[in-house]
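What follows is one structure encoded as structure tokens, with my remarks underneath.
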Amino acid sequence: MARVLRLPDHGRLIVCTDLQGCLRDFHRIIEIFDDEMDRGGDAHLLFTGDLIHGPHLDELDWPEFLGEYYRDASGDVIDELSVLMRRHPGRVHALVGNHEHGHIGGPHTAKFAADEVAVLEELLGAERAERMRNVLRDFALVAVAPCGAVFTHGAPAATVKSIRDIEEAKLEGFEIGSPIDILDTPVIGPILWARSAAPDVASRFVKALGGTFCIYGHDVIPEGFEIIGDEQIVVSTSFGVFDSNKVYIALDLGKRYRSVHDLRVGHEILPLYPDATLPGAVGIRA
Ligand SMILES: [Mn+2]
């Protein structure tokens, strides 16, 4: 199992963070990827984890801070992802998030239910759950690109000497641990669970992997994205954000980005729904 995904040095890359079972936003990002394929024929799509585990709430019970209403469709997201991966071999990729990890050896998450892993697998039934786990087992832990970008699910807070530390990381055997315990597990703990990384720690992580900056999600940024220091950008493409503020990242894989400051609003940092407006919303900011 390849824990490190190596992206090529050519083509366009579309990056989507935490969907948490939102099928509508999943369809929208596929539309964006399909447009790129139609335009240049050389595009890649990367999901940075937490594609699954959304709320099962009625619209009346929906808390406003979660953004636009949706109902969890985790099973459909993974089924459609697997079809998309077969349709575009080697072009559609995903990283493990802490929510996927729960199904393939990690501690069970408890964001919207006491045991979201059990809830989803029961909903899917044994056969479909096994099919989902097989898709999730192929997800990488980290992605790197010659353009300088490094991709993780959580913050780049892990201490690694080289890319080998990530290639050798084991994901299995953490079922009985709690998220608190796993945060202390070297390499995978911070990569899957950390919400922030000190600039010097992030800098060392990114350099150890031959990159210049790191793109990740895991946390919700209500404005859509946040740049931290010279090496980090936290991106919210879907979960917990209003449509008008959802952003995705588009990179030129043939370029070399010197730092996170080379990412520009309107070029690399793009709105998922360019026409969405919301009274009182701030929209994406430079
Ligand atoms: Mn997460």
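The values are calculated or read from the model by the stated rules, or taken from the named source; none is laboratory data. Just so we're clear, the structure is a prediction, and the values are computed from it rather than from any experiment. Glycine gets a Cβ as well: all are built from the backbone with ideal geometry, and neighbour counts include every protein chain shown. With ligands, DNA and RNA removed, areas are computed over all heavy atoms of the protein, side chains included. Shrake-Rupley method; radii C 1.70, N 1.55, O 1.52, S 1.80 Å.
Residues whose amide H falls under 5 Å from that of GLY49, counting only those 5 or more places apart or on a different chain, are LEU95, with hydrogens built in the peptide plane. In the full protein context, the stretch 4-271 carries 41 Å² of accessible surface per residue, based on a 1.4 Å probe and ignoring ligands, DNA and RNA. Computed over the Cα atoms of the chain, pair by distinct pair, the Kirkwood hydrodynamic radius stands at 18.8 angstrom. Here the sum of -39500 (n - 2.57) over DSSP H runs of 4 or more residues, divided by the residues of the chain, equals -8000 deg cm²/dmol at 222 nm, to the nearest 500. Positive end of the dipole of the chain (Cβ unit charges, origin at the Cα centre): among PHE33, GLY106, ALA158, the Cα lying farthest that way belongs to ALA158. Per-residue extension of 0.36 nm, minus the Cα-Cα distance of GLU168 and ASP275, leaves a gain of 34.1 nm for this segment. Surface composition of the chain: carbon and sulfur make up 52 percent of the accessible area, probe 1.4 Å. Label separation (HIS56 vs ALA114): 1.4 nm, computed from points 7 Å beyond Cα along the C-beta direction.
Full extension of the segment from VAL4 to ARG131, taken as 0.36 nm per residue of separation minus the current Cα-Cα distance, would add 43.5 nm. Dividing the alpha-carbon radius of gyration of the stretch 171-286 by the rule-of-thumb value 2.2 N^0.38 Å gives 1.19. For the pair ASP262 and THR159, label points projected 7 Å from Cα toward Cβ lie 3.0 nm apart. Placing +1 on each Lys and Arg Cβ and -1 on each Asp and Glu Cβ, with no other charges, gives the chain a dipole about its Cα centre of roughly 1180 debye. Heavy-atom accessible area for TYR69, with the other protein chains in place and a 1.4 Å probe, reaches approximately 70 Å².
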